[in-house]
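Report on the structure given below.
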Amino acid sequence: MMRVLARIWPDSLAGRTTLVLLVGLLALHLGSVWIHETALRGSDQVARERSLAEGLARAGRALAALPEAERDRAAHALSSPGLELHWRQGLPPAEEAGADPHLLTVRESLARTAPELVSVRLGWADDERHLLVGVLPIGEAGAISFAAPIFRTSHAAPFDPGGLTSLAAMAIGIGLASIFVVRGLTRPLRDLSAAADRVGRDAGAIRVSESGPTEVRRAAAAFNAMQERIRRLLEDRTQALAAVSHDLRTPITRLRLHAGFLDDVEARERIDANLDEMAAMVESTLDYLREGRETEERRAADLVTVLRTVCDAATDAGGEVSYAGPETLVLPLRPVAMRRALTNLVGNAVAYGDTARLALRREAGRVVIEVADDGPGIPEAQLEAVFEPFRRLEASRNRATGGVGLGLTIARRAVEAEGGTLRLVNRTGGGLSAIVSLPFARTEPEPASRGANGSRAAGMPAGAAHDPVRGIA
């Protein structure tokens, strides 16, 4: 039962409001119609019983005052469309259904209206109890036999087909009107939800229109104020770090100059290495703080060009880097931020695994970039922890390899700003894969794939050249 209700119950606020409104109105209408019909049918029943009692009483008094030979003719003359009368000689037994509670109720009602009807005998002429028949004794000479052909019992259905049709039409009309009205009322909430989802993705502040009901206007105003406070906080933090970085560059440069006058070459090299590490820490921290605060616009860019640029830069720095995938793939993205993210991933692969193999492919409407290395990998329990700022795994990746623990954090932020995901997976047989998944909406035909050496894979369809790494996910 709960599963059925869960399927019927809508997920959206507009759907739930419409359903509650529709069910409430229908319940109110059904209840009011039922009460109206019950009262109307009850009043009609009482009126029919009163009319029957008065007609029988008048006929009984009139026939009792006439000679016996004229009673049958007079009974026919006193008949009406709702009451058929006949005179019967003697007192023949009438079909009596004394156990029928409704007949007992009718007899009591007739006797209350006309006490002389206390001896009336009642019965049903058909099995469906739509025709009431009876006998009213008049003295010892005979009795009035009667039938009420339009008499109806309380077993009639409370709704007629016409009423059900009008009810269904009204329900459909209310439902359609409610959908449009409720969707209009909840539109500010949908706008607020969309703006909240964009927080952290877009560089600029997302202001929400402060319109709609009072509660929605207050929520929108609070959201805008929160956005402004967050903006000021980030700007103040970035400016403070920028000032510290600027101030640190001067003593670092001064120390580097002083170190150049040292006669001990080994000591001079150690000092230079420490100064380089300090400068790298400052720059990495500033890159982390600037991430998401830049004003780079999303535009159509060739993702393959970005990947090849990253590969060429890593190769020029002495790394062993290869690429497998299509020759071109245009997507709407922020190329500078994406290049920084991929540079961090390739740099980690080269630093910790000596090699970096990049593969680009399409999977179920997504673009997947995989950066694989042959390093020691990461413990399963730490695969998410390494994305935290300044988090380092000293056992496998020490400070001698460089970095301050911000590369993966910056990379994930940049990927998520494009609506994608970044995750790490330990490869079977050793090594680590960084898998970037981006939304894909391109409609032009897919170009043929080329292998790591740039040549087309002979006899293989587009994308098949990199199938060996497809299972790494």
Reported set for the range 359-374 where residues are under 11 Å from VAL436 (Cβ atoms) and surrounded by fewer than 19 Cβ atoms within 10 Å (Cβ to Cβ) is ARG366
Give the range 303-313 a look and list any residue that's surrounded by 17 or more Cβ atoms within 10 Å (Cβ to Cβ) and over 11 Å from TYR323 (Cα atoms), or say none. LEU303, VAL306
Those residues of the range 271-317 that are assigned to a helix (DSSP H, G or I) and modelled with pLDDT of 85 or more come to a total of 15
Determine if the range 375-392 includes at least one residue that is loosely packed, with under 15 Cβ neighbours inside 10 Å, at pLDDT 75 or above and among the aliphatic types (A, V, I, L, M). yes
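The values are calculated or read from the model by the stated rules, or taken from the named source; none is laboratory data. Everything quoted here is computed from the prediction, not taken from an experiment. All Cβ positions, glycine included, derive from the backbone under ideal geometry; neighbour counts span all protein chains shown.
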